[in-house]
Every structure is written in structure tokens, then in C-alpha cells.
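The values are calculated or read from the model by the stated rules, or taken from the named source; none is laboratory data. Nothing here was measured: the structure is a model prediction, and the numbers come from that model. Virtual Cβ from ideal backbone geometry, glycine too; neighbours counted across all protein chains shown.
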Amino acid sequence: MVVVEPRIGYEHVLDAMAEWGIKVCAGVTGGGLVHLLKHMDPYLPHRARSGQMEFFTVGEYAAGFVPLGHYLATGEIAAAAATTGAASKLLLCGLSDAKFHNIPAVYLIAATPSSMAYQSPLQDTTESGSNMIGQLMAELPQGTFVLDDIEMLDEQLAAARDQLNQSKPVVLVMPPDALSEMTSRAPGGGLAFHRQNAVSHESLDAFLQRHLSPRRKGRIVVMAGDEASRCRNLPYLTSRLCEVLKAPIVWSINGANAIARDNPYACGYLGFGGNDCATELWDGLNEHDMLITIGFCGDEYTANFSPAKAGLVWNITGNAHLYGSLHGSFRHQVTGEFQQTAGDVEAILRETILWCQAHPQVCNEDLPLYTNLNMGMRGGVHGSAVDIVAFYEKLDGLWQPDSVGFDDVCLAYKDRQYVTQRPHPHARMYSLYRGSAMGGAYGLGLGAKIAAPDKHVFVFSGDGCFRLYGGCLVEARQLGISLFVLDNANYGIVEQGLSKVLPDTPARRYHGELERIDFGAMARACGWSSVRVSPDLSNLADIMQEAYRRDRPSMLVEVPVDSRQIVGPNPRLKNL
């Protein structure tokens, strides 16, 4: 018989999180958190990890995105914590993006005991105050757990574990009175990620026989969505699928991580900042075509409210209940028939490729292949700014292995994909565009570097985004990340768009102009190194060489750009 030593509720929660594989928590101490954080060691860069949970102190807004970058870099879950009041509101901006992008993460939020309602406590979170639990329940009804009953703790932690297993974030709300009680219960079970039920060869064969044989009258087109970026072997598998079907492929900005650069059937990024060939292909789908989606991606950024107009959409997914689905289906975002196969995505693709090899008559007739995926690069540069087209073209030739990058909500998350057209094999790039939270990429970069110190982490941010995290630079000085700040003294995307949305409004009423900041001076004052990209890009290669040097402080790179240089398309302007 195993005897479990009595422990308080806070320790019980930490035991469960340790079983879930969580080793890092980010945030700021204080108030209702102190009795939890006293059980954690501080995170110190360049120190061997102890294996115990460590706390990384960084401002709550950045901290809320740390678990997301941590997961995207390694597939390992992390946590973020905040006390009551404004701290929790700042932290939970990251929660929204975790929900929108199906990223498992744990948010630990202190709460006022319910017995204090109508007593006017400091930073009152009860129903008579900010009603924080009500707000959380509204956004995350199945993922919010109020740990206010020590007898129910095991059951709640097990339910939280199940939500994480479904690639969903959870919030553990921690009233101090309940979690200060003693419990002798064992933690509520490890986070053994469930394996998707294998799809039988017979059922998949029957599906393919029905829908692919005899060959369809129209084309077969492939799409790689956000979900596809999580499967490491997909660049090879998508290339093979395109090859056996002679099928063109398009992808979302994160789905690009599932595409091989040398795939000859590549037609480009879809949607915001997307490529012209991809747009033409998507808009040209008709009732005779079949669209195979690897993680259906019908969000505004990708599809711009344009439904998939193929006669049949077959979605391959590892999880039928992802954000944007309705009752486990994306049928509401297609005009024709919708079929879905849920299971191990790589296994389904391998089976499909083998079947198609055995049935060569199902492939498309020869379709045109494209080298250049754009109809023509657009937008010239004014003054002494960097030509953003030349910048991304040159940067694309300088990536080295084990690079991971994050595009912030600025011109970077619209222009890079248009210019480069195809993903780079050495650089996995991500953007949390669905929440479109300015400044979130900085926290993503911190989380990625903490999770994988050997990776080279790059953040591409804007001068407007910088204002949301600039006070948190000093905490990252020893991490060795590379932060590129696109500086145009403007909210560039707003400035570009409003000239079309509000053509009769004077520019001064766009309210997009920003005061200049000496970013290099700020960085150096925080212990970073800094450098400014020359307008002629003559020092960019040297900057990237420095970025790949080990054992250096974090580096801020100023990139002077011109918001009047319009490059990547912005289809959302039609909606505005």
C-alpha cells in the first residue's frame, strides 16, 4: 500500500502539473500567487535544469504568450501565472490565442475567496467585483476550473488534463482558502496524450474508392492548414501526395511548415499576405473539384470569409473539435459535400499515398507548374528606408538550421510570405494571426528559447507592437534571442489600409503616426546588443552571422522601413 504524505492543495496542483510534463511557469509574483510560487525555484538562463518546475519572471502580457512559444518550439506544455486584478487581464491575452490556435497551455489565476463578496476586498474578483470567473467561463466554458473544493481537486485536475489532451488551454482558478487546506490524495493522473484511433485500411480504402475512383471530372487540390504545422514529417508526405495525384497545394501561414520548398506543385500562401497563384486557385474552385485539406483552415486571415467552393472537401484531422469547427465539422464553411477522417494524420496520408500509387488513373491531368507564385512584386520604397522586398529576399538566403521565428502583428506578418513565396527548410515560422494580438510574438520568442535553448529564435515585430512589451526586455537579456523591429514610426498596416478604406479622410485622422524611439539605446540599457540594418542591406549578412553566434546576449535589430511600400495583399480591406 502506497502512503501519500499530506500536502496542501497548492502542492497537489504542482504535483499534477509535474506529471503533465510542465517544467516552466512565467509571470509576476504577488498577492494570491505567493503561496503557490514559494514552491518553485527561479528560472535562470544557462543553468542546468533541475527537473523541477521553475518560475520565469516577466511582465504578465509577455508571460501569457510564453506557453504558446514553448509548445510551438517543442510540443511541450508550459504554464503562466498571475495574481488578481489587472495582472490576470494582461496574462489572459495569451489565453485567447491559445484557444484560437488549439495550443494546450495552463493558466494559473489567483482569485478572491467567494466569502469576501460584497466586502470590497482589494482587486475583488467575485461576482460583486470584476466577476473574473464569469468572464473566464464565457471564453473557455469547458476549460475553466475553479479549485474551491479540496474534495473535488482530483476530479477537476483530471478534467483539465483531458482538455489539454484535446489541444485546448485550461485555466486553474485558485482561491487561497481552499488550496491552503491539507489533502492526502494522490495527484489526479499523468498527462498521457491519447493516441488517435487508427483508421482501418478497409474503411479508408472504401472512402477512396467511392470518391476518387473513377477519376473525378474536375481537379484535385490540396490545402495544408494550421494543424498541419504540428506534424514533423508532413513536408515529405505532402510532397508525395501532390506527386501521386499531380495535385497543386496551397497553405495557411502556419501550414507552410508542412510544405517542402522543392515541392513542384506548390502554389503558395493563402489569404492575408498570400501569393497570387494560391488566391487564383482558391477562388477558382468549382463543384467538379475535390479539395483535400490537412487541417481545414477557413479563418478570415486565410480564406477571408470565402467558403471552399469545391464539390467535395475531404478534411484529414487529428482532432475533430478544433477552433472554428461546429459540432466537430467544418461543413458550414464549404459549399459542397464535406467529409472528414479523424485519426493519426501521418498514418492517413501514408495510406492515401499508397492507395493512389496503386490507382494511378485517379491523378489530375497535367496542370501548369509555377516557379514564380506572384503576378509581379509591388510597391517601391521612399527615402532612406530598407526595401522590404530586397530585405526578405536576402534574409531568405541566410537562414541556418534549427531556426524558429515568430511574426508579430505588423507588416512582418503580411509581407514576408508574399516575398519569399515558399517556406525555408531551416526556419520554422509561426504567426498567431487569429487573435492578432500586437506584441504577442515577443512572449512567443521567450517561450521558444526557454523550451529549446539550442534553437536560434527570431522575432519580427513592429514599432507599434514594441510598445506592449518594451519594458520586459531586461528579463530576456541573457536568453540570446534576435528581435527585429520594423521601424516606420507608424501603425503601418492601418496606414496602408485606411488610404483605401477611408479615401476621403485626411491622413492625420488615421491616428496611425507614432513618436520615434531610439530602440538601440533602449536595448543596450537593458543589457542587449543592438544594430541597425543599413538601407542598402550591406550589413545584413554580418548581422545574421552574429545572430547565430552562441553565448551572446539578446540582440535587437532595427530595420528602417517605409509604410508606403505596399507589398503583401490585404484582402480584409474589402470587409472593412
When ARG215 is run through (1) more than 21 Å from ASN286 (Cβ to Cβ); (2) at pLDDT below 85; (3) in contact with a helix residue (DSSP H, G or I) (Cβ under 8 Å, 6 or more places away or on another chain), the failure sits at (1)
Those residues of the stretch 468-517 which are in a strand (DSSP E or B) and not charged (D, E, K, R) amount to SER482, LEU483, PHE484, VAL485, LEU486, ASN490
Of the residues in the stretch 315-344 that are among the hydrophobic types (A, V, I, L, M, F, W, C) and surrounded by 17 or more Cβ atoms within 10 Å (Cβ to Cβ), the one that is modelled with the lowest pLDDT is ALA320
query = Looking at the stretch 71-86, is at least one residue touching an Asp or Glu at 6+ places or on another chain (Cβ under 6 Å) and crowded, with 21+ Cβ neighbours inside 10 Å?
reply = yes
Flagged in the stretch 518-540 as closer than 14 Å to LYS394 by Cβ and either part of a loop (DSSP other than H, G, I, E, B) or over 28 Å from the mean Cα position of the chain (by Cα) (or both), in numbering order, are VAL533, SER534, PRO535, ASP536, LEU537, SER538, ASN539
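If the requirement is being modelled with pLDDT under 95 and within 26 Å of GLU76 (Cα to Cα), which of these qualifies: VAL409, VAL459, VAL501?
VAL409
Answer with yes or no whether ASP396 is modelled with pLDDT of 95 or more and surrounded by fewer than 24 Cβ atoms within 10 Å (Cβ to Cβ). Lay out the reasoning, then the answer.
On the way: modelled with pLDDT of 95 or more: yes; surrounded by fewer than 24 Cβ atoms within 10 Å (Cβ to Cβ): yes.
Yes.
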Do we have any residue at all in the stretch 223-244 that's within 27 Å of LEU411 (Cα to Cα), modelled with pLDDT of 95 or more, out of contact with any His (no Cβ under 7 Å at 6 or more places or on another chain) and β-branched (Val, Ile, Thr)?
-> no
*asked:* Tell me whether the stretch 345-360 contains one or more residues that are within 28 Å of the chain's Cα centre (by Cα), farther than 21 Å from HIS211 by Cα and either surrounded by 15 or more Cβ atoms within 10 Å (Cβ to Cβ) or modelled with pLDDT of 90 or more (or both).
replied: no
The lone condition ILE150 fails out of (1) at pLDDT 95 or above; (2) touching a helix residue (DSSP H, G or I) at 6+ places or on another chain (Cβ under 6 Å) is (1)
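Step by step: first the residues of the stretch 400-435, then only those that are free of Cβ contacts under 8 Å to residues at least 40 places away in the same chain and in contact with a helix residue (DSSP H, G or I) (Cβ under 9 Å, 6 or more places away or on another chain), then the one that is farthest from ALA80 (Cα to Cα). Which residue is that? Give the steps one after another, and end with the answer.
Of all residues in the stretch 400-435, those free of Cβ contacts under 8 Å to residues at least 40 places away in the same chain come to 401, 420, 426-427.
Then drop every residue that is not in contact with a helix residue (DSSP H, G or I) (Cβ under 9 Å, 6 or more places away or on another chain), which leaves 420, 427.
Details: THR420: 34, ALA427: 26 Å.
Restricting to residues being free of Cβ contacts under 8 Å to residues at least 40 places away in the same chain and in contact with a helix residue (DSSP H, G or I) (Cβ under 9 Å, 6 or more places away or on another chain), the top hit is THR420.
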